[in-house]
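Each remark here refers to the structure printed beneath this line.
The values are calculated or read from the model by the stated rules, or taken from the named source; none is laboratory data. Because the structure is a prediction, the values reported are computed rather than measured. Glycine also receives a Cβ, built like all others from the backbone with ideal geometry; neighbour counts cover every protein chain displayed. Please note that ligands, DNA and RNA were not included when accessible areas were found on the heavy atoms of the full protein model with its side chains. Shrake-Rupley method; radii C 1.70, N 1.55, O 1.52, S 1.80 Å.
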Amino acid sequence: MRPRVLLLDDDDLVRALIVFAIEDMDIELVECTSVAQAMERMRAAPVQLLLTDLMMPGESGISFIGRLVDEPALAASVRIVVFSAGLTQDMREQLAPLPIWRLLSKPASISAIRNCVEEGLAGLAPVAQDPSPVVTATPSSAQTDQIARTYFDGDRDLSDSYRQTCLRQFPADIQAGDAAAAHVDLAALRRLAHDLKSVMQILGHDALAAQARALEAAAAAPDIATAVRGWASLRAGLAQ
């Protein structure tokens with residue numbers, strides 16, 4: 001499925017310029033003129049790239065981004081580009097804590113707009129209409145024996161007990177991660193990822209351990225957009 005790009009701007013001429021810049025790209029462009037409309041469209045289907053203005057009648061672009069932060073499942077799946085003529089130093093400082101991937105000043109050339117969209121979509125896998133949750137395979141009996149030998153001196157009962165303790169802890173970890181992502185608390189996400197990378201390694205979930213390491217690195221960078229997306233990915237594995 002083609003990647004979806006959502007464009008939020010109340011100015012018809014600005015939207016026309018962006019459409020002209022990217023109309024030949026293999027994407028699905030969703031045009032919106034209000035925050036309410038944009039939220040409705042984002043909840044209806046996944047979006048990979050969002051271009052939003054800041055100053056609009058009614059609810060502002062900053063308010064829109066704040067609403068996305070309050071819904072981590074939406075914020076984690078999208079790279080946010082702020083396209084505005086009001087990017088003063090004060091405004092940039094106000095936007096700094098938010099999970100914004102790039103700032104693009106108006107007016108911008110056709111090539112700058114196109115390059116921004118191409119780079120924003122680069123490396124992102126197409127989003128399915130109804131994405132399936134990440135399924136994490138339970139370690140085999142042989143793997144479980146290996147885990148017991150490696151980390152628990154061969155005591156299979158102790159290994160199993162530790163696994164059950166972890167499973168009981170994961171809902172609390174998910175709650176903590178959701179709160180950290182919602183408030184863009186990268187320090188909290190980094191601490192959680194640091195702990196989970198070792199836990200997942202011990203439990204034999206190498207893929208989830210790798211996701212936790214990547215999340216820790218993104219939070220330390222700091223790379224807000226990658227960290228929030230990384231948490232969504234790791235969260236899906238924990239939920240399984």
field: Computed accessible area, Asp12, all protein chains, 1.4 angstrom probe, square angstrom
entry: 100
message: What is the angle, in °, between the Cα long axis of helix 110-121 and the longest principal axis of the Cα atoms in the chain? Nearest 10 is fine, range 0 to 90.
response: 20
task: Taking only protein heavy atoms into account and a 1.4 Å probe, give the accessible area per residue of the chain in Å².
output: 50
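Please list, by residue number, every one of the GluC sites (Glu not before Pro) in segment 12-45 that is coil in DSSP and has at most 13 other beta-carbon atoms within 10 Å.
Working: sites: Glu23, Glu28, Glu31, Glu40; in loops: Glu23.
Loop-located and lightly packed - Glu23.
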Between helix 35-44 and the chain: long-axis angle, C-alpha atoms, 0 to 90°, nearest 10: 40
message: Taking all protein chains in place and a 1.4 Å probe, what share, in percent, of the accessible surface of segment 145-194 do carbon and sulfur account for?
response: 50
message: Can you find, among Gln164, Leu13, Ala122, the residue sitting farthest towards the positive end of the charge dipole of the chain, where Lys and Arg contribute +1 and Asp and Glu -1 at Cβ?
response: Gln164
- prompt: Which value, in Å² and to the nearest 10, is the accessible area of Val19 when all protein chains are kept and the probe is 1.4 Å?
  reply: 40
- prompt: With axes computed from alpha carbons, what is the tilt in degrees of helix 141-151 against the longest principal axis of the chain, rounded to the nearest 10 within 0 to 90?
  reply: 80
message: Placing unit charges on C-beta atoms (Lys and Arg positive, Asp and Glu negative, everything else neutral), compute the dipole magnitude of the chain about its Cα centre in debye, rounded to 20.
response: 420
